[in-house]
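Asker: Could you have a look at this structure, given as structure tokens, before my questions?
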Amino acid sequence: MEQLKKIAEEALKLAHNSKQLDSIESAIRIKKTVLEITEEEEQKPWIRHAKTAGPAIANYLAVLAFLLSMGTLIFQYIQFRKTIDEQRETFNRTQWREALKSISVKDDSSVLSSALQMESFFKDPDYSKPSRSLAVALLPLMGSGDQADGLWESMLDNTRNTKDQLDLISVARTVAAEEEALFRKQRNIVGEMNFSQKLEFLNFIKSPEEFLTQDNSFPGMEKSKAGDKLALLEATHQAAQVATSLPENSLHGEDEYESDLRSRPLKRAKGDEWKISSISEGFGSLWRTHGDLKPMGQDFSGVILMGTDFRSVDFSTVTFNGIITDCDLSETVFDRAQLRDAIIWNVRGFENSSWTGANWWESSLLSCQLATYLSERYPSPGAYSQRVKGWTMPCER
């Protein structure tokens, strides 16, 4: 390039000193040619860079176009999902409102239909809590024990934490309270029951047909053994069939639940017998299969647990003034349990059970063999020693 510039300068000098037109024109052409060559050489790096960068830029633009198209697709998908979610929420909200409108307790079929409606929302994150709360209220009203089983089992399957377990305890307490109310009405009992009445109530829970008069029973209602669910199912269905065949004006404007309590207590009692058994079995299964769910520390006031294997269950620090009957309590833990006025009767086993710090001597009824076991291993304090020593068969207080 320097050599070319020198040639151009020499040509200009020659043209300047020459007086011949041809020489001047030749010098100008040389200068012009040198300028063209110089400009071309100066542009060559840029051309080479453009040729090198061109494919890269093209690739970049292709990637950018792809990313833009993907971004558009993602945005469209998000909008689509948002629309679907909004439609689902609107649909579920509509379904929930319709379910609430359809809730009725006028008869057993209405209660069953309402309960099934609530059950369908158990897994819905928006309505699981309110549907479960309504199910807690509906289950005790269900006239047939086998129909209540489906709802109860679904509630068990959807029990994940302590709050959910409180719902189960609430159902158990309500069913037990109805059974006691039926017995009290049948025996005209007001106030605290005495020892013999408590024993009668224990038998009433298992075989209510032995206590209710024939006037309150139904044709074809046969006596069933406690725990025999097939017999209970037949008896309950017979009762329901007769109930639905009664004339409408016989209900005197009451719903079927209220009418049953007044004029068909045996039907309700048989249904409660079934529910108490199912509830007890459900608790036993729940506590055995879910290590994080235990009765420990819960308030079981007024609950009846019957005919269930509770071996190795941790009942420590529970408050329990309800009833445990016909249950296996082997290796159970009742440490520091509050058992004032509790009834623990006819237990099938209690070997290696722990009762440290539990006020078992304040219980209302206690199986004699269990009382002996506790007296030897967990003696009562002085204030209660005389009472415990004075217990006579069948271990009344």
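Asker: In nm, to one decimal, how far is the Asn158 label point from the Glu258 one, both placed 7 Å along Cα→Cβ?
Answerer: Here the modelled spin labels are 2.9 nm apart.
Asker: List, in order, the whole-Hz ³J(HN,Hα) value for each residue of the range 119-133 obtained from phi through the Karplus relation with A = 6.51, B = -1.76, C = 1.60 and θ = phi - 60°; use x for Gly and Pro.
Answerer: Result, rounded to whole Hz: 4, 5, 9, 4, 9, 7, x, 7, 10, 5, 5, x, 5, 5, 4.
Asker: If you don't mind, another one. Going by how many other beta carbons lie within 10 Å of each one, how would you line up Cys368, Cys327, fewest first?
Answerer: Cys368, Cys327
Asker: A follow-up question, please. In terms of modelled amide H atoms, which long-range or inter-chain residues lie less than 5 Å from the amide H of Ile324?
Answerer: Result for Ile324 returns Leu305, Ile343, Ile344, Trp345.
Asker: Ok, one more. Mind sorting Phe283, Phe211 by how few other Cβ atoms lie within 10 Å of their own Cβ, fewest first?
Answerer: By the 10 Å Cβ count, ascending, the order reads Phe211, Phe283.
Asker: Right, next: Check each of the GluC sites (Glu not before Pro) in the range 160-193 and keep only those in coil by DSSP with at most 10 other C-beta atoms within 10 angstrom; list them in order.
Answerer: Those that pass, being in a loop and sparsely packed, are Glu192.
Asker: Per residue, how much space in cubic angstrom lies within the convex hull of the C-alpha atoms of the range 276-337?
Answerer: 69 Å³
Asker: How would you rank Ile84, Ile344, Ile103, going from fewest to most other Cβ atoms within 10 Å of each one's own Cβ?
Answerer: Ranked by crowding around the Cβ, least crowded first: Ile84, Ile103, Ile344.
Asker: Return the sequence-ordered ³J(HN,Hα) values of the range 305-315 in whole Hz as given by the Karplus equation 6.51 cos²θ - 1.76 cosθ + 1.60 applied to θ = phi - 60°, using x for Gly and Pro.
Answerer: 10, 9, x, 9, 8, 10, 4, 6, 6, 9, 9
Asker: Relative contact order of the range 53-208, please, whole-number percent, based on alpha carbon pairs below 8 angstrom and at least 6 residues apart.
Answerer: 13 percent
Asker: Test of understanding: express the Cα radius of gyration of the range 77-188 as a ratio to 2.2 N^0.38 Å, with N the residue count.
Answerer: This ratio for the range 77-188 stands at 1.29.
A short reminder: the numbers here are calculations on the coordinates, not readings from a lab. Nothing here was measured: the structure is a model prediction, and the numbers come from that model. Because the Cβ atoms are built from the backbone with ideal geometry, glycine has one as well, and the counts that use them run over all protein chains shown.
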